[in-house]
Each structure stands twice: as structure tokens, then as C-alpha cells.
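Engineer: Supplied in C-alpha cells, the structure appears directly below.
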Amino acid sequence: MSNQTLVQKIESRDCVLGVIGLGYVGLPVACEFARAGFQVIGLDIKSERVDKINAGINPIEGVEPGLAELLLEVTSSGRLVATTEYSRLHIVDVVTINVETPVDEEHKPRYEALRAACNSLGQVLKPGALVIIESTVTPGTTLNLARNLIEVASGYVCDVGQNNTADEGVFHIGACPERVMPGRLLQNLRNVSRVCGGSTPEVARAMTSLYRTIIPSADLDPSDCLTAELVKTTENAYRDVNIAFANEVALICEAAGGDVWKVRELVNKSPGRNMLLPGAGVGGHCIPKDPWLLASAANHSIDVRLIPAARAVNESMPAHMAKLIERALSGQGKSLHGARVLVLGYSYLEDSDDTRHSPSEALVQILKEKSADVVVHDPWIEQFQGDVETLAQGSDAIALMVKHSAYLQLDFDRLLTNLPDLIVVDGRQAIRDGLSENFQNRAFLVGVGQ
Ligand code: SAJ
């Protein structure tokens with residue numbers, strides 16, 4: 001199928017779409033393309049997930065506005081069908097790959113899932129089909145790893161650098177990294193711009209026409225595969241480095257006796273400055289991982305120093321929280337050993353139940369290694385729910401790790417009045433502003449960067 005036919009088939013909704021990987025990225029994509037009028041075959045290796053989806057039940061945890069209703073709508077209409085069988089994908093004209101691409105303990109990308117998807121898809125892919133990698137990968141992976149695996153498995157040749165190739169014996173490839181965020185999967189998917197990197201300019205244009213069917217107005221920037229991969233990993237490495245800068249300034253302010261929050265407020269009045277928020281650490285599914293994917297593109301040909309250093313600063317913040325608690329306790333003649341510490345917040349982000357790479361997890365481990373008696377509270381996680389004031393009774397210290405809205409409603413004045421010796425280490429500048437004057441500079445209210 002030449003690109004002209006592909007664009008025509010997209011615009012007439014005649015083409016069949018495949019989505020491999022029905023997780024928090026792939027499932028919304030599959031639903032949105034189905035809602036746009038395409039016939040969509042979703043593939044996942046987890047049969048229980050496939051069964052739930054075909055029954056119209058949303059398997060994605062957490063609050064995702066609109067997703068459950070949309071899933072029910074598109075599965076009821078038959079527009080979206082889920083399967084575990086790759087053979088069902090032999091009829092697709094376009095297929096996105098949305099599988100996990102983690103990094104291991106040594107920060108090396110792990111592409112087992114991507115390899116498996118490319119190998120299995122290649123065996124059933126029809127000639128002229130377009131394969132789009134939506135997973136976040138090391139720049140160069142689409143045209144090197146994915147393309148090569150599909151060429152070997154299919155016996156076809158990818159159309160890189162060719163124009164308007166015939167269909168027989170050819171497939172097209174592209175990279176269109178996702179930009180979703182838990183808690184607003186559909187909102188981001190519909191409204192955030194995307195880079196459409198194609199194996200040829202015609203493929204990139206076909207990709208923009210495809211994504212325009214689900215992204216009504218945000219920019220869809222045609223480009224090449226490598227640029228698309230570089231943009232995605234860079235945008236998250238950029239954020240990580242900037243958070244690390246804020247954290248390092250916080251540590252310097254502590255050492256110098258300054259208040260990083262006041263410093264940040266005044267720095268950001270300077271034109272072109274936007275100092276991010278220092279805090280108790282950096283968690284989530286992408287910011288801790290994507291900088292390593294970007295760095296790995298250097299292939300050891302240059303000495304990548306800033307990105308790893310920023311990662312080290314951010315990964316050190318939970319330990320810094322433990323040090324602030326220990327220091328405040330010692331001011332009362334206590335040690336962490338046997339002290340009862342209430343950790344407020346276990347998810348990685350405010351008003352979310354997502355605990356992936358949570359800084360709180362790291363803090364809890366450190367505290368337990370120092371024989372503290374740790375109690376965790378999080379209003380968004382069932383096993384950690386409870387009444388904060390009740391849990392605070394008998395606690396020696398509170399460590400606020402996540403700025404959940406529920407914590408902003410707490411009356412810490414009353415809490416600190418009733419518990420005059422309670423230490424509070426505020427990792428997100430969530431408490432101090434709400435306190436009355438007499439508590440503002442309380443010795444036992446210690447914040448990151450104060
Ligand atoms: N954090 C700080 N200081 C900050 C900002 C964040 O310590 O100034 C911490 C958060 O507490 C959290 C972690 O960093 O633990 C990540 O926070 P995040 O706001 O970056 O949220 P994520 O991880 O969901 O980031 C995603 C990213 N989106 C995609 O990868 C598609 C990121 O690029 C977006 O900027 C972010 O969502 C967003 O703001 O939408």
C-alpha cells in the first residue's frame with residue numbers, strides 16, 4: 001500500500017489498527033482510535049487483562065476520568081476487540097507498540113518486551129503496514145533494534161529513505177513517543193502535542209493524519225524517528241536535571257542557613273528563570289528512567305556527566321529526609337532507633353495512587369534499617385488509609401513526603417499544640433504556610449531547604 005492509500009484509508013477510517021500492550025498508555029490509545037471510528041485490535045500477553053477489557057471492564061488502577069466509560073462504549077460497539085493472539089494482527093494496516101521499556105539496576109535499558117513484540121508482530125505483519133513505536137526508548141532504537149527485528153521476522157524490508165514504495169515486501173516504521181500522565185491519561189492523550197517521526201517524510205505525514213483523528217488541535221510535528229526519540233527522552237531528562245538543581249540549592253540553603261523557598265520565589269522573579277520545586281525525591285514511571293535512556297544514546301562515545309549527577313542528587317533526597325528526622329530527634333536527645341516515625345504519603349505524586357519508584361519507599365527502607373518504628377499513611381492507598389491525628393499520637397516525628405490535597409486540609413496548628421514535642425519534617429513545603437505565626441519557626445518543624 002503506498003502512503004497515498006494509507007492516508008486515504010486513515011481518512012476514510014477503512015484501515016484496521018492494532019495496539020500492542022494494553023497498559024496505562026496502550027489502552028487509552030486503543031480506546032481513542034476506536035472512538036474515532038477505526039476497527040481496533042488490542043493485544044496483550046496477560047489473558048486476564050484481555051478478558052477484563054473484552055468484558056468492558058477497565059483494568060487500569062487509579063482515577064482516570066472518562067476511561068471506564070469510553071472502554072465500555074468501544075467494546076460494546078465491537079470497535080475495540082482485545083486478544084492475546086498475535087495471529088489476529090495479520091490484517092492490521094497500522095500497529096502501535098506500547099510495551100514497557102524499563103532500565104535495570106545498572107540503568108541499562110531492558111528491551112525484552114519490545115523484542116518480543118517486534119518478533120511476534122513481524123511473523124504476522126502484512127506487507128505495506130506501518131509500525132509505530134510509542135514506548136519511550138533510547139534514541140536510535142526504532143531504526144536499529146525494532147526495524148531490524150521486524151525485517152528478520154517478516155522477511156520484508158523497511159522503507160527507510162525510500163519514497164512511495166510499493167507494498168509488496170515492504171513495511172513502514174515510525175516513532176511517536178507517548179506523553180501521558182497517570183490521572184489524566186485521556187486528557188493528555190487528546191491535548192498534548194506529539195512528534196511524529198517517520199521512516200520517510202511521507203510516513204511522517206501519514207502519522208500526523210492518523211494522530212489528528214484523536215488529537216484535534218495540539219501540534220503534530222512530522223519528523224524522523226531519531227528526533228522523535230531524542231525529544232521524548234530529552235524533555236524528561238531536562239525536567240530531572242532542573243529538579244536536581246532545585247534540590248542542590250535546597251541543600252546549600254540548609255548549610256548556609258537560608259530559606260530555599262524564599263530564594264526560589266525571588267529567583268523566579270528574574271526574567272527567564274523558572275526554578276522548580278525542591279523536595280523529598282523524584283519518583284514515577286518516567287522521570288527517573290528517561291534520563292538514562294537518553295544518556296545511553298551516547299554509546300560511551302562521550303563522558304555523560306550532568307545527567308547521572310542530577311539523578312544522583314534526586315535519588316539522594318529520601319536519605320536526606322531521614323537525616324533531617326535524625327537530626328531533629330537528636331535535638332531532643334532521641335535517636336531514630338525505636339523512634340516512631342509517621343510517613344505521610346506513599347505515592348510518587350500528589351493526589352495519585354501510583355507508587356512507582358516512590359521516594360517514600362526509599363525513605364521507609366532507610367528508616368527501618370535504622371530500627372525506627374515506621375507507620376505509613378496515604379489517603380490514596382487503601383492499605384495506608386487512616387486518621388492522621390490518631391496516627392500522630394505517640395509518634396516522635398512526622399515526615400511529609402507527598403503534598404496530597406488531604407494533608408493541606410489538616411489542622412497542623414492543633415496537632416502541634418496537642419503534641420508539643422512532635423517533630424515535623426516537611427518534604428514538600430506543604431505545612432509551614434498553613435501554620436500560625438507561633439509555629440512558623442518552630443525548631444521541630446524542619447523543611448527540605450530551610
Ligand atoms: N517533582 C519535584 N519537583 C518538581 C516537580 C516534580 O520534586 O518541581 C517530583 C514529583 O514529586 C514526582 C516526580 O518529581 O515525585 C515526577 O513528577 P512530575 O510532575 O514530573 O510527574 P510525572 O513523573 O508524571 O511526569 C510526567 C512526564 N510526562 C511524560 O513523561 C509524558 C513529564 O514529562 C511531565 O512534565 C509531567 O508528567 C507533567 O507535568 O505533566
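Engineer: Quick check, is VAL192 within 15 Å of the ligand (Cβ to nearest atom) and open to solvent by less than 50 Å² (accessible area, probe 1.4 Å)?
Structural biologist: yes
Engineer: Out of all the residues in segment 61-75, which are open to solvent by 30 Å² or more (accessible area, probe 1.4 Å) and in a loop (DSSP other than H, G, I, E, B)?
Structural biologist: Matches in segment 61-75: GLU61, GLY62, VAL63, PRO65, GLY66.
Engineer: If you don't mind, there's one more thing I want to ask. Considering every residue within segment 382-389, establish whether at least one is in contact (Cβ under 8 Å) with a residue 40 or more places away in the chain, open to solvent by less than 70 Å² (accessible area, probe 1.4 Å) and within 29 Å of VAL103 (Cα to Cα).
Structural biologist: No, there is no match, as no residue in segment 382-389 is in contact (Cβ under 8 Å) with a residue 40 or more places away in the chain, open to solvent by less than 70 Å² (accessible area, probe 1.4 Å) and within 29 Å of VAL103 (Cα to Cα).
Engineer: Here's a follow-up. Counting residues that are over 30 Å from PRO291 (Cα atoms) and small (Gly, Ala, Ser), which helices (runs of 4 or more DSSP H) fully inside segment 303-392 reach at least 2?
Structural biologist: Correct list: 317-330.
Engineer: Also, I was wondering about something else. Residue check: is ASP351 charged (D, E, K, R), open to solvent by less than 40 Å² (accessible area, probe 1.4 Å) and within 16 Å of the ligand (Cβ to nearest atom)?
Structural biologist: no
Engineer: Can you name every residue in segment 168-199 that is touching a helix residue (DSSP H, G or I) at 6+ places or on another chain (Cβ under 8 Å), modelled with pLDDT under 95 and more than 30 Å from TRP380 (Cβ to Cβ)?
Structural biologist: Those that are touching a helix residue (DSSP H, G or I) at 6+ places or on another chain (Cβ under 8 Å), modelled with pLDDT under 95 and more than 30 Å from TRP380 (Cβ to Cβ): none in segment 168-199.
Engineer: Check ALA430, ALA392 and return the single one that is touching a Phe, Trp or Tyr at 6+ places or on another chain (Cβ under 8 Å) and either more than 16 Å from the ligand (Cβ to nearest atom) or of a type in the set (A, V, I, L, M, F, W, C) (or both).
Structural biologist: ALA430
Engineer: Quickly run through segment 344-366 and pick out the residues that are of a type in the set (A, V, I, L, M) and either without any contact (Cβ under 8 Å) to a residue 24 or more places away in the chain or touching a strand residue (DSSP E or B) at 6+ places or on another chain (Cβ under 7 Å) (or both).
Structural biologist: LEU344, LEU363, VAL364 - these are the residues of segment 344-366 that are of a type in the set (A, V, I, L, M) and either without any contact (Cβ under 8 Å) to a residue 24 or more places away in the chain or touching a strand residue (DSSP E or B) at 6+ places or on another chain (Cβ under 7 Å) (or both).
Engineer: Let me ask you something else. Looking at this structure, is GLN409 open to solvent by 50 Å² or more (accessible area, probe 1.4 Å) and either more than 16 Å from the ligand (Cβ to nearest atom) or polar (S, T, N, Q) (or both)?
Structural biologist: Yes: the conditions hold for GLN409.
Engineer: Scan (1) open to solvent by less than 20 Å² (accessible area, probe 1.4 Å); (2) at pLDDT 95 or above; (3) part of a loop (DSSP other than H, G, I, E, B); (4) under 29 Å from ASP396 (Cβ atoms) for the single condition MET275 breaks and write down its number.
Structural biologist: (4)
Engineer: Here is a further query. When you go through ALA362, ALA280, ALA295, ALA312 one by one, which is the residue that is surrounded by fewer than 19 Cβ atoms within 10 Å (Cβ to Cβ), modelled with pLDDT of 95 or more and within 23 Å of the chain's Cα centre (by Cα)?
Structural biologist: ALA312
Engineer: Quick check on this structure: which one of MET181, MET275 is within 14 Å of the ligand (Cβ to nearest atom) and farther than 23 Å from ALA362 by Cα?
Structural biologist: MET275
The values are calculated or read from the model by the stated rules, or taken from the named source; none is laboratory data. Everything numeric here is computed off the predicted structure, so don't read it as measured data. Using ideal geometry, Cβ is built from the backbone for each residue, glycine included, and neighbour counts are taken over all protein chains shown. What goes into the accessible areas is simple: the full protein's heavy atoms, side chains included, and nothing from ligands, DNA or RNA. Shrake-Rupley method; radii C 1.70, N 1.55, O 1.52, S 1.80 Å.
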